Every structure is written in structure tokens, then in C-alpha cells.
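Readers should treat all values here as calculations from the given coordinates under stated rules, not as data from a laboratory. Fair warning: this is a prediction, and the values are worked out from it, not measured in the lab. Glycine gets a Cβ as well: all are built from the backbone with ideal geometry, and neighbour counts include every protein chain shown.
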Amino acid sequence: PFKDRSDGVRIDPRALSIALDDLLPAERTVAVDSGNFMGYPTMYLDVPDADGLVFTQGFQAVGLGLATAVGAALARPDRLTVAALGDGGAMMSAAELDTAARLGLGLLVVVYDDEAYGSEAHRFGAHGHPLDTVTFPPADLAGVARAYGCDALTVRRVEDLEPVRDWLSGPRDRPFLVQAKVTSDHPAWWMTDASQGD
């Protein structure tokens, strides 16, 4: 149980992840990029076996999740591949959407959009440093995805996910990007734990 911080403008990343877990088929591969958001899909999106989670954090770099998901989708076409990205990583790797669209991959891309490099923003802010180098203005990532030939929508409430259900029951012949405008007023629990002693 948790206190849902969704407010209709931004969705709590826990509520988003739980709703996606309920919506998506059990046979899935989840490829997770690095960032403040990464604990949410890792904690709340079930996978059927050890091969179902591809965790790029071992590289300690942001921006590897989408390319990793493209590879996972090609390797396991029998499963739905879900790319879980932060908005910083999504912007670094957006060109991979073109690859996924040209290959006709039925890939679900979920962008946890807090308009920041969230890990850095929470860490910098806690130490009183300016945030102008780690935050950025709103970006229309759903529009970028559509320009690459993907289906896309922006999500601010759990109810906004309904088009994903329709996509899942269709031919899934192109990627679908969900730009989730997530709450960002608190660091993820794992960030708080990892930052002890800083």
C-alpha cells in the first residue's frame, strides 16, 4: 500500500506501473533504462521468468533502454516487449523509435516523464545545487513518436491508458509510446536508500 500522489495533471509512477501490470499480458519482457524512475517498473511489472527482465543499470548509463528493448523484441517475438524509460533517456535514444517502427515491432514504450534527469535533480536539490542543468521544459515525446510512425498518447490518469488495451488487442504492427506525466515531488524510495551517507 502507498499514498497515491496522482492529481489528474500528473500520475503517480506506482499507480501507473500497477495499472500497466494489470493491463499487459503476462508473457512479457521488460527492458528498463536507468534513472530515478527505474524502481517502479522493476518493482511493479511482473515478468514470467528471469529472461523477462532486461536491466541496463549495470552499465551505469542513461539512454540504453530503448535499443535494448528493440533487441529483446527481435529475440523474443513471442512476448510483448515493454521498454521502460525516463524522459531523459527517451530523448537520448528517440531515433531508435524509427528503427522499431520500420521493423514493425509491437513494442510498448513507457516513458516516465518528470521533465528532468530525476536522479540528478533529487540529488542536486538535496544538496542545494541549482537544477537548471538537470531539468528541462515539457517535451511532446508522444508527438515525436508519432512522427517516427509509432502510435502514442500522453497519460495523466490511469483511465488514460484505455487506448493501450485497444492496441494490445489489435495487430501490434508498430510501436506504441505512452508518455506518462509522472509526479516528481519525491525521489523514488530506492534513491533515498541509495543516497544515505551522501
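Helix 13-23 axis versus longest C-alpha principal axis of the chain: approximately 20°, rounded to the nearest ten. Going 7 Å from the Cα of residue 140 toward and past its Cβ, which residues in segment 161-184 have a backbone nitrogen under 19 Å from where you end up? It comes to 176-182, nothing else. As a proxy for reagent exposure, ranking 37, 59 by other Cβ atoms within 10 Å from fewest up yields 59, 37.
A straight chain from residue 59 to residue 95 at 0.36 nm per residue would run longer than the Cα-Cα distance by 10.9 nm. Potential lengthening of the chain between residue 159 and residue 76 amounts to 26.9 nm, from the contour at 0.36 nm per residue minus the alpha-carbon distance.
Per-residue ellipticity at 222 nm, computed for the chain from helices alone with -39500 (n - 2.57) per DSSP H run of at least four residues, works out to -9500 deg cm²/dmol. Considering only beta bridges that DSSP places wholly inside segment 13-182, some 5 percent are antiparallel.
Each of 44, 112, 148, 117 was scored by other Cβ atoms within 10 Å of its Cβ. Arranged with the fewest first, they read 44, 148, 117, 112. Assign unit charges at the C-beta atoms only (+1 for Lys and Arg, -1 for Asp and Glu), then state the dipole size of segment 13-182 relative to its Cα centre in Debye, rounded to the nearest 20. That gives segment 13-182 a dipole magnitude of about 100 debye.
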